[in-house]
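To start, the structure under review is shown below, and the notes come after it.
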Amino acid sequence: MTEIEKFNNEVQANIARLNHSMEMKKMGIDFVKSSAPYKYSYNFSWLGRPIIQYPQDMTAMQEIIWSLQPDLIIETGIAHGGSLIMNASFLAMLDYCDAAKLNQVIDPNKPKRKVLGIDIDIRAHNRTAIEAHPMSNHIEMFQGSSIDADMIKKVHEYAKDFNCILVALDSNHTHAHVLAELEAYAPLVTKGSYCVVFDTIIEDMAENSFPDRPWDKGNNAKTAVWKYLENLSKKQKDNKDTLQFEIDAAIESKLLITVAPDGYLKRIN
Ligand SMILES: C[S@@+](CC[C@H](N)C(=O)[O-])C[C@H]1O[C@@H](n2cnc3c(N)ncnc32)[C@H](O)[C@@H]1O
């Protein structure tokens, strides 16, 4: 066994131990619960743009993107553009790596890979800052509701020319909205890739933790994930659909601190 294999095995064994540690899992969830009222997720930025995520989830995205090498990332929920810029920067690095392997020069005006962001309200100041950012060549933005029929059609049309697609859902976190987004966009995820559903943690928080928001315990992204997976397995049994996702529990075991428990969905068929 090589030294690299030995190290990888040690890491996998550590993660498996974490997966069995109820104490560590509880501490992770407790941290998210206790930090949420401070809007901890607002504390960070990516290449200068505010990003509304926990650093552990950002790292998970980097690992997924490096391992898949997608050419399109579709994300709902742009806000200040931090996650768009982050994902664009990962794709730019992949373009750079491809060019380095082939000893080619990169033309920043012709990116191979793209991030498509969808938001119902792209504020003018955010749009200006995103468009002025050096990563903007890797970015396309569509304004409108992610579950609007015309928007869904437009996104499917855009996705046609790409080979490896990752989806991230981070817009309105109600059950009905996320379920509709999953139905609209999860089928675009290519086999082996992921649909990452953010803010499933709402289900693990106390009732009425977000009094000014339409989502709550019992009505959120996690209940939508469960319903979507249940619907898919019914369709499979009736031979109506072959599409299959599974929750990648290893990701949340390694993160411990995540807003997306049960939200890292891997397409397995
Ligand atoms: C949590 S923020 C997104 C944060 C961003 N992904 C990040 O990590 O920096 C949620 C965004 O979803 C958008 N949104 C709310 N309802 C929406 C809808 N129906 N369709 C698309 N976007 C929506 C809001 O305008 C807001 O900008």
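None of the figures in this text is laboratory data; all of them are computed from the coordinates on show. Nothing here was measured: the structure is a model prediction, and the numbers come from that model. Positions of Cβ are backbone-derived with ideal geometry, glycine not excepted, and every protein chain shown enters the neighbour counts.
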| note | Connecting every pair of Cα atoms under 10 Å apart in the chain and solving the GNM, the largest mean-square fluctuation among 159, 92, 124 falls on 124
| message | Report the gain in length on full extension from residue 99 to residue 125: 0.36 nm times residue separation, minus Cα-Cα distance, nm rounded to one decimal. | response | 6.0 nm
| Over the Cα atoms of the chain, what is the Rg over Rh ratio if Rh follows Kirkwood? | 0.96
| remark: Of the DSSP H helices in the chain, the ones reaching 27 Å or more along their long axis in Cα terms and averaging at least -1.0 in Kyte-Doolittle hydropathy are 82-101
| Once every DSSP H run of n ≥ 4 in the chain is given -39500 (n - 2.57) and the sum is divided by its residues, what mean residue ellipticity at 222 nm do you get, rounded to the nearest 500 deg cm²/dmol? | -14000 deg cm²/dmol
| request: Would you list which lysines come within 17 Å of residue 240, measuring only between C-alpha atoms, while excluding same-chain residues fewer than 8 positions from it? | output: 227
| task | Mind checking the full-extension length gain between residue 249 and residue 8? Use 0.36 nm per residue of separation minus the Cα-Cα distance, one decimal, nm. | result | 85.0 nm
| task | Only Cα pairs under 8 Å and at least 6 apart count here; give the relative contact order of the chain as a rounded whole percent. | result | 20
| Which of these, 106, 251, 201, has the largest mean-square fluctuation under a Gaussian network model of the chain (Cα springs below 10 Å)? | 106
| Mind ordering 114-122, 232-240 by average Cβ neighbours within 10 Å, highest first? | 114-122, 232-240
